[in-house]
Each structure stands twice: as structure tokens, then as C-alpha cells.
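The values are calculated or read from the model by the stated rules, or taken from the named source; none is laboratory data. Keep in mind that what you see is a predicted model, and the values were worked out from it rather than measured. Glycine gets a Cβ as well: all are built from the backbone with ideal geometry, and neighbour counts include every protein chain shown.
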Amino acid sequence: MNALVLTDVKKMVVENVDTPEIKDDEVLIQTKYAGICGTDHALYNGLPGSAAAVPPIVLGHENSGIVAKVGSKVTDVKVGDRVTVDPNIYCGQCRYCRTGRKELCDNLSAVGVTRNGGLEEYFTAPSTQVYQVPDNVPLKAAAATEPISCAVHGIKLLKLTPYQKALVIGDGFMGQLFVQILQAYGVHQVDFAGIEENRLALNKEKFGVTNTFNTAKGDKIPSDYDVVIEAVGLPQTQEEAVNATTKGAQVLMFGVGKPNQEFKMNTYEVYQKQLTIQGSFINPDAFEDSLALLSSGKLNILPLISHEPSLDQVTQYLDGTAKGVSKAVVKVGE
């Protein structure tokens, strides 16, 4: 079978490899689609993701496919099921796992990060990580369940009520997901700030955004938001997020900055406004909600997927060659 193998920093090669064998508690999945995200970009460049990836390794922690084989102890899925995989595997024994904070697990492993993932024709996963995809959800959309679940986890860390006025900063794929998810969770007004006019317009026309701000054109963001989602990860936008708040506001710092990155904020303002500034890491217990959002129609992501490369084109989306990408989902299998 074909597999796209990360063999070294900034080096990926399509290789013909053996179809993997499964253990008694594992599932063999024929990959249909695998998403490419910022974590894959980091791993390609030798930086850590949710965990460190050691080459040779097959990336692809966002994926969907068809069950091809199940281990002898697997009872919850069967051959032929349409599935997606929660990549993050927790040890269950460390201090964080035993105190209800498993996303902070000291021994985290992950499909597509520490073990081979979906950028190959067949991959394996523990049955505990495999979720059946509702019949009305296309597998192309289901491949994005993992990033959706990361956004849902972030939302669950906040206290949301319908009266709130929310702002999403960042018009990449994750920011566009947050626009729809905030509304699905009942927030009555969602505004959107970014730098790509076509994406801002799409979300206003199709996904219920009230106001848009193109900061590249000098639009000023008001300072009256109850909830602000920062989905970029740059000091400038992190500062904008804090500055956009009203009293009692919550700021979700979702965008991933560089390991040594810092930003400035007025600490008196944090005190005087009684702000909550919340980080968010990966996606514990959020796959069921994410699949329900897709199945219900409250979350429509197919218009956000801009590119569908093949395995041999993936490096163009990791080295910056490909331009104008909202979301790339690799078509791995027929």
C-alpha cells in the first residue's frame, strides 16, 4: 500500500509499505480522507505537536475511512462501518488523567503523531478511539471531526449564555469553525475579524455573522465583547483579543503561538474588568458532540474545504508552496 512517510525534518516520501497488522483491541481502517492542519505543519518542520513525532512516521491525525478489519476483542464497530478516529490516547495513570484533566496527560500518545496515521491507505487505531460516522455526514466532512472537537473543547471551557456578544479573531479554518459553533451553542451575536475579505464575506452571507472587521484594511475592532476567541496565535492578535473585551468577559486563547512567544497586556485592565483568559489544549471527550453538530446541520464545513490534494501533493501544503488555502483535505483512497 502507499504511505506518505515523514522521513526527516522537511522531508516526506511516498513509499510502498506493508499493510499494518492489528492487535486484538485494534481496528484496521481503509483511509478515505485525511486533513492537513497546523500541527502537521509543525511536525513537518521538526516542532512538537500535541506530542513529539519521531521519524519515520506517517502523519494524518485528522482522518476518516471504512473499517477493513477488527481485532478479536473489538465489539463496538464492524467491518464496513464508516468511521473517524480521535487521535489522542491518554495513559489513564498520571496525575492529570486521575484528576479529570486527561488532555494534560504526561504520557500522551496520538495517532498520526506518535504512531502512524491517516496519510496512508490503511492505518490502525485502538477501538476506544474509533467513532462511527452518522449516515448523513460525508466522509470528507468527517475527516475534520478532530479539529471540530478541539474547538468544541475550547467552547466547553467557557461559560456561554444567549445574551452574550462574541468575536472570533482569525479567518483561517479554525476561526471559521468557531463562528458556527458559537451560534450552535446559543450565542446570539457572533462577529468576525480577519484579513481575507472573501472569507469574511462568506461567513457573513452564509453562516450568520453579524459584523465583520478586515484588520488588513484598517478596520477597528470595538471593545464591547463578552466572549473573544483568538484563533491565530500571533502576539498582535492576542493583544487585540484582550483589548476587545468588555467587563466580565472571557478570552479563549486558542491560536497556537511559537514556544518562546509572548504578548503584552494591561494587568490592571485584567483586574478592573475581571477578565477570564483561558487556554485550550486538544480535545477530550468532544467527538460525540462534534459528530452531532455535523449530523444536525448546525455545522456545515464542506464550503470551508478549499483544496483536495493527493498524497504526492501534500508537501506543497506543509512547506508554504500552496497559496489561498482555507482547509486542505487529502483524498487518500478511492
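Within the stretch 96-144, can you find the residues that are aliphatic (A, V, I, L, M) and closer than 14 Å to residue 57 by Cα? Let's see the steps before the verdict.
The first filter runs over the stretch 96-144 and keeps only residues aliphatic (A, V, I, L, M), leaving 104, 108, 110-111, 113, 119, 125, 130, 133, 137, 139, 141-144.
If the condition is that a residue be aliphatic (A, V, I, L, M) and closer than 14 Å to residue 57 by Cα, then 110, 111, 113, 119 are the ones that fit.
Which pairs turn up if I take residues in the stretch 208-227 that are more than 20 Å from residue 161 (Cα to Cα) and look for partners that are in a loop (DSSP other than H, G, I, E, B) and among the charged types (D, E, K, R) with beta carbon separation below 7 Å, at least 6 apart in sequence or on another chain?
213/219
Surrounded by fewer than 17 Cβ atoms within 10 Å (Cβ to Cβ), in contact with a strand residue (DSSP E or B) (Cβ under 8 Å, 6 or more places away or on another chain) and of a type outside the set (D, E, K, R): which single residue out of 316, 274 fits that description?
Working: 316 fails: in contact with a strand residue (DSSP E or B) (Cβ under 8 Å, 6 or more places away or on another chain).
274 is the lone residue from the list that is surrounded by fewer than 17 Cβ atoms within 10 Å (Cβ to Cβ), in contact with a strand residue (DSSP E or B) (Cβ under 8 Å, 6 or more places away or on another chain) and of a type outside the set (D, E, K, R).
Among the residues in the stretch 140-151, are any surrounded by fewer than 24 Cβ atoms within 10 Å (Cβ to Cβ), farther than 12 Å from residue 284 by Cα, of a type outside the set (Ser, Thr, Tyr) and more than 15 Å from the chain's Cα centre (by Cα)?
Checked against the condition, which is being surrounded by fewer than 24 Cβ atoms within 10 Å (Cβ to Cβ), farther than 12 Å from residue 284 by Cα, of a type outside the set (Ser, Thr, Tyr) and more than 15 Å from the chain's Cα centre (by Cα), the stretch 140-151 yields no hits at all.
How about the stretch 299-313: which of its residues are under 13 Å from residue 34 (Cβ atoms), in a loop (DSSP other than H, G, I, E, B) and of a type in the set (S, T, N, Q)?
The one that is under 13 Å from residue 34 (Cβ atoms), in a loop (DSSP other than H, G, I, E, B) and of a type in the set (S, T, N, Q): 310.
Report whether or not residue 186 is closer than 21 Å to residue 286 by Cβ, surrounded by fewer than 17 Cβ atoms within 10 Å (Cβ to Cβ), not hydrophobic (A, V, I, L, M, F, W, C) and not assigned by TED's automatic domain parsing to the domain that holds residue 141. Quick ask: steps written out before the conclusion?
Working: closer than 21 Å to residue 286 by Cβ: yes; surrounded by fewer than 17 Cβ atoms within 10 Å (Cβ to Cβ): yes; not hydrophobic (A, V, I, L, M, F, W, C): yes; not assigned by TED's automatic domain parsing to the domain that holds residue 141: yes.
Yes.
Residues that are in contact with an Asp or Glu (Cβ under 8 Å, 6 or more places away or on another chain): list the helices (runs of 4 or more DSSP H) wholly contained in the stretch 135-204 that include at least 2 such residues. Spell out the reasoning first.
Working: elements: 139-142, 145-156, 173-184.
Hits in the stretch 135-204: 145-156.
Would you check which residues across the stretch 215-242 are surrounded by fewer than 16 Cβ atoms within 10 Å (Cβ to Cβ), of a type outside the set (A, V, I, L, M, F, W, C) and in a helix (DSSP H, G or I) and list them?
217, 235, 236, 239
Residue-by-condition table, conditions (1) out of contact with any Phe, Trp or Tyr (no Cβ under 9 Å at 6 or more places or on another chain); (2) over 27 Å from residue 75 (Cβ atoms); (3) among the aromatic types (Phe, Trp, Tyr):
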| position | (1), (2), (3) |
| --- | --- |
| 3 | no, yes, no |
| 6 | no, yes, no |
| 13 | yes, yes, no |
| 21 | yes, no, no |
| 24 | yes, no, no |
| 31 | no, no, no |
| 39 | yes, yes, no |
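Do we have any residue at all in the stretch 217-237 that's closer than 26 Å to residue 101 by Cβ and of a type in the set (S, T, N, Q)?
Among the residues of the stretch 217-237, not one is closer than 26 Å to residue 101 by Cβ and of a type in the set (S, T, N, Q), which makes the answer no.
Tell me which residues, restricted to the stretch 106-117, are in a loop (DSSP other than H, G, I, E, B) and not small (Gly, Ala, Ser). Give the steps one after another, and end with the answer.
Let us first name the residues in the stretch 106-117 that are in a loop (DSSP other than H, G, I, E, B), namely 106-108, 112-114, 116-117.
Across the stretch 106-117, the qualifying residues are 106, 107, 108, 113, 114, 116.
Would you point out the residue of the stretch 314-334, among those that are among the aliphatic types (A, V, I, L, M) and assigned to a loop (DSSP other than H, G, I, E, B), that is farthest from residue 170 (Cα to Cα)?
332
Can you pull out the residues in the stretch 78-110 that are among the β-branched types (Val, Ile, Thr) and over 24 Å from the mean Cα position of the chain (by Cα)?
Of everything in the stretch 78-110, those that are among the β-branched types (Val, Ile, Thr) and over 24 Å from the mean Cα position of the chain (by Cα) turn out to be 79, 99.
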